Amino acid sequence: QVQLVESGGGLVHAGGSLRLSCAASGRTFGWYAMGWFRQAPGKEREFVAALTRSGGTTYYADSVKGRFTISRDNFKNTVYLQMNRLKPEDTALYYCAATPKTGNYVTDRPYDYWGQGTQVTVSS
């Protein structure tokens, strides 16, 4: 069992930056691939970024590629999402997710554990 707690959300002007963190409980954090998803009001949850257990392979949605960076610190049991050049359309509730399985990490199907989310609001 893994518990995930996101933090770092907030209100920022367009063009600004935020860094989200997702702290995981347990001593087996390194066994899990991690992902970030987001959901805007009235829209379905969508994939943002993911990385493998070692952090050696990363995946990004086209809409965030070149602006967002996912990383992990397995000693701190934490995954990060650095978000630069934010746009109003990035406004959403951001969730992190974890899975011990291999799979298609750009969909939500393989993920077994989810956090409660942290709100990101980008003003124009």
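The values are calculated or read from the model by the stated rules, or taken from the named source; none is laboratory data. Being a predicted model, the structure only gives us computed values, none of them experimental. Don't worry about glycine lacking a Cβ; one is built from the backbone with ideal geometry, like all the others, and counts go over all protein chains shown. What goes into the accessible areas is simple: the full protein's heavy atoms, side chains included, and nothing from ligands, DNA or RNA. Shrake-Rupley method; radii C 1.70, N 1.55, O 1.52, S 1.80 Å.
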message = Please determine whether any residue of the range 12-25 is in contact with a helix residue (DSSP H, G or I) (Cβ under 7 Å, 6 or more places away or on another chain) and of a type outside the set (Asp, Glu).
response = yes
ask   = Cβ-Cβ below 6 Å, separation at least six or inter-chain, first residue in the range 1-20 and at pLDDT 95 or above and in a strand (DSSP E or B), second charged (D, E, K, R) and open to solvent by 30 Å² or more (accessible area, probe 1.4 Å): which pairs?
value = none
Hey, residue 23 aliphatic (A, V, I, L, M), at pLDDT 95 or above and open to solvent by less than 40 Å² (accessible area, probe 1.4 Å) or not = no
task = For residues that are touching a strand residue (DSSP E or B) at 6+ places or on another chain (Cβ under 9 Å) and surrounded by fewer than 18 Cβ atoms within 10 Å (Cβ to Cβ), scanning just the range 94-104, find the one that is modelled with the lowest pLDDT.
result = 103
query = Restricting the range 106-124 to residues that are of a type in the set (Phe, Trp, Tyr) and over 21 Å from residue 19 (Cβ atoms), which is surrounded by the fewest Cβ atoms within 10 Å (Cβ to Cβ)?
reply = 113
query = With respect to residue 89, is the statement that it is among the acidic types (Asp, Glu), part of a loop (DSSP other than H, G, I, E, B) and open to solvent by 50 Å² or more (accessible area, probe 1.4 Å) true?
reply = no
request  = Inspect all residues belonging to the range 42-57 and state whether any of them is among the aliphatic types (A, V, I, L, M), in contact (Cβ under 8 Å) with a residue 12 or more places away in the chain and under 23 Å from residue 124 (Cβ atoms).
outcome  = yes
note = Condition set in a loop (DSSP other than H, G, I, E, B) and β-branched (Val, Ile, Thr), scope the range 37-84, selection least open to solvent (accessible area, probe 1.4 Å): answer is 64
query = (1) closer than 16 Å to residue 107 by Cβ; (2) open to solvent by less than 80 Å² (accessible area, probe 1.4 Å): which one isn't true of residue 17, the others all being true?
reply = (1)
